[in-house]
Each structure stands twice: as C-alpha cells, then as structure tokens.
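None of the figures in this text is laboratory data; all of them are computed from the coordinates on show. Since the model is a prediction, treat every value here as computed from it, not as a measurement. Glycine also receives a Cβ, built like all others from the backbone with ideal geometry; neighbour counts cover every protein chain displayed.
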Amino acid sequence: MRLGILRRGDDLKPPAARGERNTREARGVGGRKVTIVGPGRLGQALGRLLAQAGVPIDLVVARRISRARQAVRFIGAGTATALDDPRLSSADVILMTTTDAAIEPVGRVLAARGADWRGKVVLHTCGSLPSSVLRPLARRGAAIGSIHPFQTIPNPATGVRNLAGCYWAIEGDTRARAVGTRIVRQLGGNPFPIRPERKVLYHASAFLVCPTLLVLFDQSERLLKLAGVPSRVARPLLAGFVRETVGNFAKLGARRSLTGPAVRGDWPTIENHLRELRRHAPEALPVYHELLRAIVRLAGRKLPRHLEMSR
Ligand SMILES: NC(=O)c1ccc[n+]([C@@H]2O[C@H](COP(=O)([O-])OP(=O)(O)OC[C@H]3O[C@@H](n4cnc5c(N)ncnc54)[C@H](OP(=O)(O)O)[C@@H]3O)[C@@H](O)[C@H]2O)c1
C-alpha cells in the first residue's frame, strides 16, 4: 500500500485491524527517504527507530556538522550535513525535530531558497505549535503537518526504548497526515487526531502529569528522608506506589482510584499533615494545599471552612 492512496478511515485503525502485510513495502514510508533536521533527543531516537524499521534515512541536518556526524553515528544511517546544504530542498520527507522556537525560522529559511517543494512533505514534532507555522513551505507546494509523541525523552537512548508503542497526535493537511500516520505505525505507535488550534491545551495536559509528577516525587522523597526512611528504600518505595496508582487510573479512571484521608473526610489527619508540614517542610505547603482542594473537588466533597483558610 503506497502513501496517498490510503482508504478512508484506514489511517486511524491499528495495523492488525487493517490486515497490513509484513513486507518491506508495507513497512516503508511509501519508498520515500526521510531527512531529519535538528537531530537532538527526539530526532536521533526517531532516526534510529525508522532506520531499524527499514525506512531509508537520507540527510541528517544540524547547525554544526560535528553534531550531524554524531547523530548519524547514533542513528546508524544517513548522510551528515549542515543546514545550508542545497540537497535539503530535494528531500522527500523532512522530519523537523528542532527546538520549538527554531521550527518557524528554519522553515522560512528553507522556503526562501526558492525551490519547488511540490510532492514533498514536512512534519514537525512539537506538541504546542500547529503545523501552520510551516506555511512558507506550504506556499511553495509542500504538504505540512506535525506528529507529536505523548512521551518523555530525556535522552536519545531512552527514546529508542519508549517511543515504540506510544501515542502520537497528528494534524496537518491530508497528505502530511497520511505520511505522518505511516511513520507512526512504522514505529508501532498509536496515531490520533488533534485540533491544531487547541494544541497548547493538549501540551499543557502533558505538563500537568509529567514534570509536575517529578516535582511531587522530589518533595515526597524529602519528607520520607525527614521521617528517617533510608534513601535506598525511598525511591523504589515511591516508584512502586505510584506505579500502582497509575495502574488503577488506567483501569478505573481518576475518581474511582482516589484513596486517602481527604477522600474519607478524615479532617483530623489532614490537620496533622498541615501542622507537621508547617513545622518541618513549609515549602511543601502551597502545593499540598492546592492539591488538597483539587482532591476534595474530584471526590465530590467539601473542604471544611477552617481547612480552606489554614495555610
Ligand atoms: N524530548 C522530549 O521529551 C520531547 C517529547 C515530545 C516532543 N518533543 C519535541 O521534539 C522537538 C525536539 O525536542 P528535543 O527534546 O529533541 O530537543 P533537543 O534535544 O534540544 O534537540 C533540538 C535540536 O534542534 C536543534 N536546533 C536548535 N535551534 C536550532 C536552529 N535555530 N536551527 C537548527 N537547528 C536548531 C539543536 O541543534 P544544536 O545541537 O545545534 O543546538 C538540536 O539538534 C521539540 O519540538 C519538542 O517539543 C520533545
């Protein structure tokens, strides 16, 4: 099955449901080569996974040639080059994995070279910007879109492990969405549509459950330390506890997974928490208090007035 002739609805079904053959053609991005611009954490991980899936990697483009060479070594395929390479204008599919702020200017610079971009596809990987930031390339004929993994990639090696099977938001024009969908399927991922004008909200949702969680882990670990829990125990203890909570959320949803004193209406225990936090860890109080109010709301309870006030 070649790109551009996907049947209606095909692009959002899992591969098994579409009965896709496991041939090289079925696995390739329609025989097109993929060029990676801005090979950082995500770009390198994507490059290596695509190469492993049999997708030909064309150029690997960085501001500095030394970075491009380093990325090619990690990816295991492709030709290292710099942004001013004229061959960029003849790339089949460009994955723009630069930092968010660089997407628009790099797109503008590429478009300003005046080449004909008809038949080419440019996809960025930012979760908060719409694909329309690549409009200068669309004006030159390129199909534009974005594919964003709802995943956390602190380094390329982690991305190689955790991008397989993750969820990807896809938006853009029809052809770019079709190519993006095939790339995601190539990686064993789950594509889903996103409203371009609401991507900031979508991105904020990731912010609320990922880096914030690490801040909570950090604060919780400090309290365990103050309570005398050995540090060799604290991290696995917290990880196991939260893994269980995450499992419950996946099965039951947020409200039905709630436990703890605020859900039981055990206000004396909450008062004790607040008193001890005030004495030993006052920096944790603001976040504790905001979350307490949110938990009580989610549980459909009402916070007693004296606790509403006590900060
Ligand atoms: N990491 C994640 O967890 C994650 C998850 C989902 C989506 N994303 C998205 O993926 C994209 C890349 O993120 P990342 O974490 O992989 O970033 P990163 O590791 O910082 O890599 C960004 C790359 O962009 C290049 N770059 C920066 N400014 C540039 C410019 N003006 N011109 C050309 N190249 C430039 C950097 O090159 P130099 O080496 O020369 O600085 C680097 O190779 C972002 O849109 C991000 O929102 C990231």
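Could you tally the net charge around residue 136, taking each other residue with its Cβ under 10 Å from the Cβ of residue 136, Lys/Arg +1 and Asp/Glu -1?
Its environment carries a net charge of +3.
How much length is gained on full extension from residue 278 to residue 99, taking 0.36 nm per residue of separation minus their Cα-Cα distance?
Fully extending the segment from residue 278 to residue 99 adds 60.4 nm.
Give the order of 94, 295 when sorted by the count of other beta carbons within 10 angstrom, beginning with the fewest.
295, 94
Please say if the stretch 74-157 is rounded, prolate or oblate, where rounded means a/c under 1.5 for a ≥ b ≥ c the square roots of the C-alpha gyration tensor eigenvalues, and otherwise the choice is prolate for a/b larger than b/c and oblate otherwise?
oblate
How high is the FRET efficiency between residue 112 and residue 190 when r is their beta carbon distance and R₀ equals 45 Å, given to the nearest 0.05?
0.80
Which length gain, in nm to one decimal place, applies between residue 52 and residue 208 when the Cα-Cα distance is subtracted from 0.36 nm times their residue separation?
Residue separation times 0.36 nm, minus the Cα-Cα distance, leaves 52.9 nm.
Between helix 100-112 and the chain, what is the angle of the helix's C-alpha long axis to the longest principal axis, kept within 0 to 90° and rounded to the nearest 10?
10 degrees
Could you give the size of the charge dipole of the chain about its Cα centre, using +1 on the Cβ of each K and R and -1 on the Cβ of each D and E, expressed in debye and rounded to the nearest 20?
Charge dipole, the chain, about its Cα centre: 420 debye, nearest 20.
Using Cβ contacts closer than 10 Å as the measure, can you line up 152, 212, 98 from fewest to most?
If I rank by nearby Cβ atoms, fewest first, I get 212, 152, 98.
Starting from the Cα gyration tensor of the stretch 10-197, take the square roots of the eigenvalues, sort them a ≥ b ≥ c, and report rounded, prolate or oblate (rounded when a/c is under 1.5, otherwise prolate if a/b is larger than b/c, else oblate).
Numbers: a/c = 1.42, a/b = 1.18, b/c = 1.20.
The shape class here is rounded.
Tell me, what is the percent relative contact order of the chain, built from C-alpha pairs under 8 Å that lie six or more residues apart? Display every interim value, and only then the final one.
Numbers: 479 pairs, mean separation 39.3, N = 311.
It comes to 13 percent, rounded to a whole number.
Could you list 163, 201 in order of exposure, starting from the residue whose Cβ has the fewest other Cβ atoms within 10 Å?
201, 163
Determine the alpha carbon to alpha carbon distance for each of 33/251; 199/251; 199/302 and list only those over 31 Å.
33/251; 199/302, as the Cα separations exceed 31 Å there.
Just want to confirm a number: the relative contact order over the stretch 97-143, from Cα pairs under 8 angstrom separated by 6+ residues, in percent. Don't jump to the answer; show the numbers that get you there.
Numbers: 50 pairs, mean separation 23.5, N = 47.
So the answer I get is 50 percent.
Once you keep just the Cα pairs under 8 angstrom separated by 6 or more residues, what percentage relative contact order results for the stretch 87-220?
Across the stretch 87-220, relative contact order equals 20 percent.
Extension gain residue 221-residue 65, at 0.36 nm per residue separation less the Cα-Cα distance, in nm? Provide the component values of the computation, followed by the final result.
Numbers: separation 156, 0.36 × 156 = 56.16 nm, distance 4.23 nm.
Here the answer is 51.9 nm.
Which value in nm describes the separation of the simple spin-label points at residue 89 and residue 301, placed 7 Å from the Cα toward the beta carbon?
6.6 nm
Restricting the count to DSSP beta bridges whose residues both fall in the chain, what percent are antiparallel, rounded to a multiple of 5?
Of the beta bridges lying entirely in the chain, close to 20 percent run antiparallel.
Kindly provide the helix-only [θ] at 222 nm of the chain, computed as the sum of -39,500 (n - 2.57) over DSSP H runs of four or more divided by all residues, to the nearest 500 deg cm²/dmol?
One gets -15000 deg cm²/dmol as the mean residue ellipticity at 222 nm.
Give the cross-link partners of residue 120 among the aspartates and glutamates, using a straight C-alpha distance below 15 Å as the criterion and excluding same-chain residues fewer than 8 apart.
By straight Cα distance, residue 120 reaches 58, 92, 173.
Label the stretch 233-311 by shape, choosing from rounded, prolate and oblate, from the square roots a ≥ b ≥ c of the eigenvalues of the Cα gyration tensor; if a/c is under 1.5 it is rounded, and otherwise prolate applies when a/b is larger than b/c, oblate when it is not.
Oblate is the answer for the stretch 233-311, as a/c is 1.5 or above yet b/c matches or exceeds a/b.
Which value in nm describes the separation of the simple spin-label points at residue 132 and residue 244, placed 7 Å from the Cα toward the beta carbon?
4.8 nm
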